[in-house]
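Readers should treat all values here as calculations from the given coordinates under stated rules, not as data from a laboratory. Nothing here was measured: the structure is a model prediction, and the numbers come from that model. With ideal geometry, Cβ positions are generated from the backbone for all residues, glycine too; neighbour counts draw on all protein chains shown.
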Amino acid sequence: MPELPEVETVCRGLAMRLEKRRLVRVEQRRADLRWPLPRRFAARLAGRRIERIERRAKYILMHLDGREVLLCHLGMSGSMLVGEGEPTLLPHDHIVLHTDDGWYVKFNDARRFGMMDLVAGAKLGRHRLLAGLGPEPLDPAFDGPRLAAALKGKATPIKAALLDQRVVAGLGNIYVAEALFWAGLSPRRLARTVQGERAVRLAAAIKRVLEAAIAAGGSSLRDYVQTNGELGYFQHRWAVYDKEGHPCPGCDCAIAATGGIRRLVQSGRSTFYCARRQR
């Protein structure tokens, strides 16, 4: 599933072509995605102007004139591709937005775990998918003390705590593993012990990893592509994720003795870490 850097990359690509443009035509090629689409979905979007596009956690928010918001999630396999002219439609192109300057955006989702909804702007923060989300890790207000406060008293492993969207919004399996490596913290460590300097290191590592991933266009594992169809490139810079048995960056570990980067399963998800450097 696309995580924060991938969704942020998509938002930026969409903003370049959609912000301040009017939707002259909306093609709705099925009645549902993960859930049923809103009633009169295409008709309610046609003629609307997209004022701005932003991200909240792993969600795309398109703010429309008339104070409604098109809320989108890419799901497991969704992509939004931007092009000019009349698009060639593929079997899994479910929604197509056409703008007043001749561009289009196709939402393709083979597995249909993605979603779209139309929400009144005044009620956006109370939407069931957004209510209760934790702080944005790239917000300037997100720092060590704020992270420490969110982790205080939590008896779960730090890896599981960071995947809880109520603790920090937008983090997923890849970037949690990478941030824990750069912070020097074991994924097994209890979340409540990440206080003081440890929390400062971890908050900084989270920001560092996310910013680097966004600059690289995100990570492409299976289905994810940017809005121009190009892959992300951050997978070539992973320090530990999916690197079982390999040395970690700047390694001075005895690989023959330690086995290099290790893999363990936590809450059904693969975790990768260096047992020597992460404590």
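Okay, here's what the table says:
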{"item": "Charged-residue dipole, Cβ positions (Lys, Arg, Asp, Glu), the chain about Cα centre, Debye nearest 20", "result": "1080 debye"}
{"item": "Order of 167, 200 - criterion: other Cβ atoms within 10 Å of each residue's Cβ, fewest first", "result": "200, 167"}
{"item": "FRET efficiency for residue 237 and residue 43, using Cβ-Cβ distance with R0 set to 51 Å, rounded to 0.05", "result": "0.70"}
{"item": "The stretch 144-273 - convex hull of alpha carbons, volume per residue in Å³", "result": "117 Å³"}
{"item": "Percent of beta bridges antiparallel (DSSP, the chain, rounded to nearest 5)", "result": "100 percent"}
{"item": "Packing-based exposure ordering (other Cβ within 10 Å, fewest first) of 251, 274", "result": "251, 274"}
{"item": "Least to most buried among 98, 246 (fewest other Cβ within 10 Å first)", "result": "246, 98"}
{"item": "Cβ charges +1 (Lys, Arg) and -1 (Asp, Glu), total dipole of the stretch 144-273, debye", "result": "620 debye"}
{"item": "Axial C-alpha extent at least 24 Å, average Kyte-Doolittle at least 1.0 - helices from the chain (DSSP)", "result": "none"}
{"item": "Distance histogram for the chain (every C-alpha pair counted, 10 angstrom bins, percent rounded to whole numbers)", "result": "7, 27, 31, 20, 11, 3, 0"}
{"item": "Signed unit charges on C-beta, dipole axis of the chain, positive-most listed residue 107, 148, 220", "result": "148"}
{"item": "Most positive-pole-ward Cα, 70, 92, 82, against dipole of the stretch 4-126 from beta carbon charges", "result": "70"}
{"item": "Point-charge dipole on Cβ atoms (K/R +1, D/E -1) for the stretch 183-237, about Cα centre, debye to 20", "result": "420 debye"}
{"item": "For peptides 152-160, 110-118, sequence by mean Cβ density within 10 Å, most packed first", "result": "110-118, 152-160"}
